[in-house]
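Take a look at the structure below.
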Protein chains: 2
Amino acid sequence: MQNVINSTRKQQKLSQAELATKTGVTRQTINAIENDKYDPSLDLAFKLADVLGLRVDQLFLWGDRHD
Amino acid sequence: MQNVINSTRKQQKLSQAELATKTGVTRQTINAIENDKYDPSLDLAFKLADVLGLRVDQLFLWGDRHD
DNA sequence: CTGAAATGTAAAGAACGTTTGACATAAAAT
DNA sequence: ATTTTATGTCAAACGTTCTTTACATTTCAG
């Protein structure tokens, strides 16, 4: 599923490692999600949205070209 | 994680089986999620929100008493 | 240019999400 | 009261999410 984690993270000048720490996962998990290897769990999606200051449906683009 | 699937589904007079069909999963999956056995995948969360006419963050209540 | 920080990637395994098939109880309809 | 529809639950199997460890490549500050 498409997401805007990479651009949002860069806007806030966070590294993958920093975002990982803030959301309680590993750097590799953030990297995999940014690069569309797999979708996060619902809980992690909420944590990412929370840290990045967006709603889940704004951070993950399901509507168009959905999944 | 808390969710309002049960009440929303009932408002729309859908059975668990009907909601399952509309979201492309089995009845047992809907039942388990309604009864908080586990959280759905992000994709299924979006499908459920779509069918029930709510946003993911309205259907799943992460903010208060979060996860 | 050199070194440090950031990113990409991979394999093995633990934990979670979903299916299938089945059976049991509850609720609603006839 | 009997049948049908809806819900709860369980176990085995399978695919997905995430961790750990490790190494390679890219980016950037000095």
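None of the figures in this text is laboratory data; all of them are computed from the coordinates on show. Just so it is clear, the structure is predicted and the values come from calculations on it, not from any experiment. Neighbour counts run over all protein chains shown; Cβ positions are idealised from the backbone, glycine included.
Key figures
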| read-out | value |
| --- | --- |
| Position A:Thr26, label points 7 Å along Cα→Cβ, spacing to each other copy in nm (shortest first, one decimal) | 3.1 |
| Dipole moment magnitude, nearest 20 debye, chain A about Cα centre, only Lys, Arg, Asp, Glu C-beta charged | 320 |
| Pair-distance profile P(r), taking every C-alpha pair of the protein assembly as shown, with 10 angstrom steps and integer % | 12, 44, 31, 12, 2 |
| Helical contribution to [θ] at 222 nm, DSSP H n ≥ 4, -39,500 (n - 2.57), averaged over chain A, rounded to 500 | -15000 deg cm²/dmol |
| Ascending list, in nanometres, of distances separating the A:Leu61 label from those of the other copies (7 Å, Cα toward Cβ) | 3.2 |
| Proximal lysines to B:Lys13, defined as alpha-carbon separation beneath 17 angstrom and excluding residues fewer than eight positions away on the same chain | B:Lys22 |
| Volume in Å³ per residue [convex hull over Cα atoms, computed for segment A:10-57] | 74 |
| Residues in segment B:16-46 that a label on A:Arg55 would reach, taking backbone N under 19 Å of a point 7 Å out along Cα→Cβ | B:42-46 |
| Across the identical copies, how the B:Lys10 labels are spaced - nm, sorted shortest first, 7 Å along Cα→Cβ | 4.9 |
